[in-house]
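What follows is a short report on a single structure.
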Amino acid sequence: MKATARAHTNIALIKYWGKRDESLFLPMNNSLSITLDKFHTTTAVEFCPCLPVDLFIMNNQLASSTEMAKITHFLDRVRGMSGKSWHAVVHSTNNFPTAAGFASSASGYAALAAAATKAIGLDLGNKALSQLARLGSGSACRSIYGGYVEWQKGEKKDGTDSFAKPVLEGGDWDLSIVSVLVTDTPKTISSREGMKRTVETSPFYSGWLDSVEADFLHAKEALIYHDFELLGSIIESNALKMHATTLGANPPFMYWNRATLDVIKEVQSLRSGGIQAYFTIDAGPNVKVLCQPKDEQAVRESLEKLPNVQNTYLCHPGPGLTYL
Ligand code: 2P0
């Protein structure tokens, strides 16, 4: 019983920042993302009664015991849904370096949810797959779909109304995302730990909650009406607000480094020069710059000139789940 699935990474336009339930990965707020064409995880899962334990091979190497435990925990849910108790071999490959500043947990758990359920004989629709992927890593629920995606936070305690939904197909509005790598050093505070500390200790977190729903609604409206300037200004301010909450945490922390600021300044100066470009930053120092396809080369060239930029990757909206 074997199946292989592929899912693409996504970047948040309106950030998921904070959980209302940690074990069910239920978010405090709605979020919005773009699934990227360039970066994906391909995962093959084979269940067999012959296996005494699960095995997880990541990029052709046996995973650490910590990673293995997370995968087994996730497969336990899949086993629970199917009524079968077989163990599995999981082979997962990213087509991007894990340390290159891209969230691999989103594409990773989306691909695993799809491959594992298919391999064990379950036939889940996208809504159920999104809910399942969420239980591996919150942002993974959005990688089930291509294009522009929202994750509705839901209200229920059991999380049955917390899943992602498509907002717009990628082909409906082609935008460019220049992903700017300023460092490949792993961050010291994971997003999981960072959001938990912020929710528990930052006096600025209530400000985040007070304003994020309006950002979400306005950004969705900008997407639907293809209003790039409106979309850009909202996503930039939403990212800044998320990062501001970390400064108020106890102990405080900051995901940026000096190169992050250099990129922010360059994006602002591009705008002063008449090129519409807007930045967003996830839980790390690397920056994603959103622009329109007509400007993508100019934006990329100007960012690559910055001395502390290591690389840039040009992305566009990409597809949802595929089975191979
Ligand atoms: C996002 N981030 O919306 C936000 C913006 C980081 C900043 O989703 O604990 O790896 O596994 O649910 O999904 C990163 O958090 O966290 C993230 P868990 P996840 O993309």
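How big is the equivalent ellipsoid of segment 16-131 along its three axes, where each semi-axis is √(5λ) from the Cα gyration tensor, reported in whole Å from largest to smallest?
Working through the eigenvalues yields semi-axes of 23, 19, 14 Å.
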Suppose every K and R has +1 on its Cβ and every D and E has -1 on its Cβ; what is the size of the dipole of segment 75-143 about the Cα centre, in Debye to the nearest 20?
140 debye
Could you compute the net charge surrounding LEU231? Neighbours are other residues with a C-beta less than 13 Å from the C-beta of LEU231; K and R count +1, D and E count -1.
-4
Most fluctuating residue of LYS19, LYS241, LYS156 in a GNM of the chain with Cα springs under 10 Å: which is it?
LYS156
Given charges at Cβ of Lys, Arg, Asp, Glu: the chain dipole, positive-most of CYS315, VAL53, GLN268
VAL53
Please give me the summed charge of the neighbours of ASP161: other residues whose Cβ is under 15 Å from its Cβ, Lys and Arg +1, Asp and Glu -1.
+3
With a 10 Å radius around each residue's Cβ, average the other Cβ atoms per peptide and rank 141-148, 39-46, 81-88, highest first.
141-148, 39-46, 81-88
Peptides ranked, highest mean first, by Cβ atoms within 10 Å: ranges 30-38, 206-214, 68-76
30-38, 68-76, 206-214
For segment 85-90, in order, what is each residue's ³J(HN,Hα) by Karplus, 6.51 cos²θ - 1.76 cosθ + 1.60 with θ = phi - 60°, in whole Hz (x at glycine and Pro)?
10, 5, 8, 9, 9, 10
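Report the charge-dipole magnitude of segment 211-252 in Debye, nearest 20, computed about the Cα centre from +1 at each Lys and Arg Cβ and -1 at each Asp and Glu Cβ. Spell out each step's value before the answer.
On the way: 2 positive and 6 negative charges, 39 e Å.
Charge dipole, segment 211-252, about its Cα centre: 180 debye, nearest 20.
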For LYS2 and LYS38, what does the FRET efficiency come to when R0 = 35 Å and r is the distance between their Cβ atoms, rounded to the nearest 0.05?
0.85
Work out, step by step, the length gained on full extension between ARG77 and ALA214: first 0.36 nm times the residue separation, then minus their alpha carbon distance; give nm to one decimal.
45.8 nm
Given 163-173, 263-273, the highest-first ranking by average Cβ count within 10 Å works out to 163-173, 263-273
Taking the Cα atoms only, what angle lies between the long axis of helix 191-201 and the longest principal axis of the chain, rounded to 10 degrees?
70 degrees
Along the charge dipole of segment 40-192, Cβ charges K/R +1 and D/E -1, which of HIS87, THR183, VAL149 sits furthest on the positive end?
HIS87
Contact order relative to length of the chain, as percent, for alpha carbon pairs under 8 angstrom and 6 or more apart
25 percent
Residues in segment 4-44 near a label at THR160, defined as backbone nitrogen under 12 Å from the 7 Å Cα→Cβ point?
none
Acute angle (nearest 10 degrees) that the helix 258-272 long axis makes with the longest principal axis of the chain, alpha-carbon atoms:
60 degrees
Where is the GNM fluctuation largest for the chain (alpha-carbon springs, 10 angstrom cutoff): LEU240, LEU62, LEU290?
LEU62
Could you give the angle, 0 to 90 degrees to the nearest 10, between helix 104-119's Cα long axis and the longest principal axis of the Cα atoms of the chain?
30 degrees
When we measure straight from the Cα of LYS2, which lysines land under 21 angstrom away, once same-chain ones fewer than 8 places off are left out?
LYS70, LYS84, LYS118
With each label point set 7 Å from Cα along the Cα-Cβ vector, what nm distance links ASP174 and SER65?
5.1 nm
Straight-line reach from LYS305: which lysines have a Cα under 30 Å away, not including same-chain ones fewer than 8 places off?
LYS15, LYS38, LYS187, LYS241, LYS265, LYS288, LYS294
Computed [θ] at 222 nm, deg cm²/dmol, the chain (DSSP H ≥ 4; -39,500 (n - 2.57); rounded to nearest 500)
-12000 deg cm²/dmol
Using a Cα-Cα cut-off of under 18 Å, which aspartates and glutamates could be cross-linked to LYS157, ignoring same-chain neighbours fewer than 8 residues away?
ASP21, GLU22
Rounded to the nearest 20 Debye, what is the dipole magnitude of segment 116-201 about its Cα centre when Lys and Arg each give +1 and Asp and Glu each give -1 at the C-beta?
380 debye
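Determine the percent antiparallel among the DSSP beta bridges restricted to the chain, to the nearest 5.
For the chain, the DSSP antiparallel bridge percentage is about 95.
Bear in mind these aren't lab numbers, they're just calculated from the coordinates by the rules spelled out. Quantities reported herein were computed from a predicted structural model and do not represent experimental measurements. Because the Cβ atoms are built from the backbone with ideal geometry, glycine has one as well, and the counts that use them run over all protein chains shown.
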